[in-house]
1. Let me check I've understood the local charge: for Val78, count other residues with C-beta under 12 angstrom from its C-beta, Lys and Arg +1, Asp and Glu -1. What total comes out?
2. On a C-alpha basis, how far is the centre of segment 12-37 from the centre of segment 109-170 in Å? Whole number, if you could?
3. Go through segment 122-136 residue by residue and turn each phi into a ³J(HN,Hα) via Karplus (6.51, -1.76, 1.60, θ = phi - 60°); whole Hz please, and just put x for glycine and proline.
4. Mind listing the long-range amide H neighbours of Val85? Cut-off is under 5 Å, sequence gap 5 or more, other chains count too, H placed in the peptide plane at 1.01 Å from N.
5. For segment 180-222, what is the largest minus smallest coordinate of the Cα atoms on each principal axis, given in angstrom and ordered from greatest to least?
6. Using Cα-only point scatterers and the Debye equation, what is log10 of I(q)/I(0) for segment 33-98 at each q in 0.17, 0.23 Å⁻¹, rounded to two decimals?
7. What part of the accessible area of segment 1-109, given as a whole %, is carbon or sulfur when the probe is 1.4 angstrom?
8. What does the charge count around Lys163 come to, taking other residues whose C-beta lies under 13 Å from its C-beta (Lys +1, Arg +1, Asp -1, Glu -1)?
Amino acid sequence: ERLFQVAIDGPAAAGKSTVAKIAAKTLGFVYIDTGAMYRSLTYKALMTGTDINDGHQLKQLLDQTEIELVQEGNGQKVYVDGTDVTDRIRYPDVSEHVSLVSSFEEVRMEMVSRQRKLAASCSVVMDGRDIGTHVLPKAQVKIFLIASVDERAIRRYKEEELKGRHPSIESLREAIALRDKKDMEREVSPLVKAEDAIALDTTSLSIEEVVKKILQLVKEKQ
Ligand code: C5P
């Protein structure tokens, strides 16, 4: 059986993981959240006092770090060296520093190698920033999800609210815009739409509508 790859890229909080999870479940593919891998390394670097301005130290730390993405029911759990960090890697300290950690070439090379291994033996829906451009350049379906920064800040606020937190929408908006800027302006594999990716603006689309569109695109290529 031919392996199938769906690459979903786009800026922060555009709804990538939400639709990727549902699409993967529907298709019976494995969902791979590459942002969780960069977040995991960032978390471990912060916990161990590693200099996050030093790409070589980060790469050495990564070499000693096991990152596991485990499918559980409707969700995905993330384990760093056996510890469940699923919620912890979404905290603001990690979100603030993850773009710096993921800007180093040595770090990215190792992450991309791990990501390709994960996709080598099964069909996948993988989301991130460089999946269509670098990690899986031959993916049969490539999606570039976008949404206005205001809409993304509101969506993030609603997620935070469900967890009992009430950050200001303005602070969320600023954090999202700053992370996008860093991800788009970095030298190595910046966030950019792959030429052959289909851009989907989700500002006024529901989750169901986006998922439906993705499933349609997969069906056309299967
Ligand atoms: O997807 P998520 O927002 O969790 O990603 C967190 C950060 O990880 C991004 O802002 C980006 O800096 C980095 N990242 C990356 N390449 C990927 C996935 C995430 O550089 N493929």
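1. Local charge sum for Val78: -2.
2. So the separation of the two Cα centres works out to 7 Å.
3. Along segment 122-136, the couplings run 8, 6, 9, 10, 10, 10, x, 10, 10, 6, x, 8, 10, 6, 10 Hz.
4. The answer is Val78, Tyr79, Val80.
5. 35, 26, 11
6. -0.54, -0.96
7. After summing per-atom areas, the C and S share lands at 47 percent.
8. Summing Lys and Arg as +1 and Asp and Glu as -1 gives +1.
The values are calculated or read from the model by the stated rules, or taken from the named source; none is laboratory data. Please read all numbers here as calculations on a predicted model, not as lab measurements. Backbone-built Cβ (ideal geometry, glycine too); neighbour counts: all protein chains shown. Ligands, DNA and RNA are stripped out before the accessible areas are found, and what is left, the full protein with its side chains, is counted by its heavy atoms. Shrake-Rupley method; radii C 1.70, N 1.55, O 1.52, S 1.80 Å.
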